[in-house]
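Peer 1: Submitted below is the structure of interest, expressed as structure tokens.
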Amino acid sequence: MILGDVLARRLAELGVRRIWGEPIPVTHTGRSAGDAGGRPDAPQALTLPAHVPVPEADLAVLLADADGRIGEVDGHGRLGAALLPDGVLHLSSRPGGTAAPRTVTSAEELLDALVEPPGLLTPATSAIHLDVDLAMELDDEPVPTVAAERHTVFTLDPSLADLRIVVVVGPGVVRAGGVGGLKSLSRAAAAGVINTWGRRESSVGTRLGTSAPSASSGVTWSSAVSPTPTS
């Protein structure tokens, strides 16, 4: 096992699908196998990021920015990644974003920098200067020395503590494939959903498990989540 294997696997865990620009040295490609000893704490197999050669560093950064996404249906986003000729790993979900590189000089420092990188919940960019040999042989699996922290993305003003939040949606949510994300939002915000119907069939309500209205248009309260006050 080399440090490049550890980095590639961690990037896969962060949802990185492609490495634009320079390659990360790995001892195998495709799926990252779990521990051969069958230990219960062995890492699960992951699809490692594919390498896409890009000779221009600026273009690699733009492509990485385009790859990044914030919170998807399961509540997690993915980062776009580019490895530049000067040894800087660019991670981003914010097109045009810039960041001062953080220099790492050991496997542990590298994993610490990737414990909770910016860009998964809100659009952001980070950069890591890899002052370490990714082809370095490792005797043991390195582990980070810090733990992830939960961060509040936003809070309501205390004066809005009794506010009832409702989400109003229409059939376009179904056409855009956004029903899963709507469910996640409704659960996270403890918010009810109001369905506005533009057609007799193919509606948000049917996908969320609510009964269809008798008329071709109207409003229905979704039973997927009971509306409760949130603060």
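Peer 1: Quick one: if the Förster radius is 30 Å, what FRET efficiency do Asp58 and Val146 give, using the C-beta to C-beta distance and rounding to 0.05?
Peer 2: It comes out at approximately 0.40.
Peer 1: Still on this structure, I have one more. Taking R0 as 41 Å, what's the FRET efficiency between Met136 and Arg175 from their Cβ-Cβ distance, rounded to 0.05?
Peer 2: 0.25
Peer 1: 5 Å is the cut-off here: which amide hydrogens, built 1.01 Å from N in the peptide plane, fall below it relative to Thr103, excluding neighbours closer than 5 in sequence?
Peer 2: Amide H neighbours of Thr103: His129.
Peer 1: Using a 7 Å offset from the Cα along the Cα-to-Cβ direction at both Leu121 and Asp157, what is the distance between the two label points in nm, to one decimal?
Peer 2: Placing both labels 7 Å beyond Cα along the Cβ direction yields 2.2 nm.
Read-outs throughout are calculated quantities, based only on the coordinates presented, and are distinct from any laboratory measurement. Not measured: the values here are computed from a predicted model. Ideal geometry is used to build each Cβ from the backbone, glycine not excepted, and the neighbour counts take in all protein chains shown.
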